[in-house]
Amino acid sequence: MADNTTMLDHINGYKNYLRQLVQCCKDTSSDDPYQHLANYLSDEKIKSHHLLMTLPESMANIVDNLQSKVNLKYLDVHTRLLELASFSVVDTPKKNKVLSAKSRGNNAQSTTHQQLNPTRVRKTIPAKGNQCS
């Protein structure tokens, strides 16, 4: 899978190439070993694992999780990969920036930090006003 390729394009390309390969194998004579390859590649489990093998190393955790499933079907892999791709395409206008919280009170930019209470070991003073707790 190329870096600039979407998951949907990758899966569609994979399906097209696999369909062409299986068709070429089926078009051979009945005693040709390619017939066995066509049958092999038509199996749902084989297709699912083969698709997972085409994914980049950056998706190794996803591949491992999916391959650990019992009776993994191609449709399961297809659906899960598209779901994961749709979750990762989130608009983040300020990447790696902390978002500011909306405040209800007037003191939105309070920088007062909680101090430790010496009478209560390992406890903090309860938050007051707009302080975080």
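The values are calculated or read from the model by the stated rules, or taken from the named source; none is laboratory data. Quick caveat, the model's predicted, so the values are computed rather than measured. Virtual Cβ from ideal backbone geometry, glycine too; neighbours counted across all protein chains shown. Ligands, DNA and RNA are excluded from the accessible area calculation, which covers all protein heavy atoms including side chains. Shrake-Rupley method; radii C 1.70, N 1.55, O 1.52, S 1.80 Å.
For region 10-58, what's the relative contact order in percent, using C-alpha pairs closer than 8 Å and at least 6 residues apart?
30 percent
The three principal axes of the C-alpha atoms in region 1-88 carry coordinate ranges of 46, 30, 19 Å, sorted with the longest axis first. Near Gln35, within a Cβ-to-Cβ distance under 11 Å, what is the net charge of the other residues, with Lys and Arg +1 and Asp and Glu -1? Spelling it out: positives minus negatives among the neighbours equals -2. For Lys73, the aspartates and glutamates whose Cα falls under 19 Å of its own Cα, not counting residues fewer than eight places away in the same chain, are Asp43, Glu44, Asp64, Glu83. Counting only protein heavy atoms and using a 1.4 Å probe, the accessible area of Met1 comes to about 70 Å².
Find out how many positive minus negative residues lie around Asn12, taking Lys and Arg as positive, Asp and Glu as negative, among other residues whose Cβ is under 15 Å from that of Asn12. Net charge in that neighbourhood comes out at +2.
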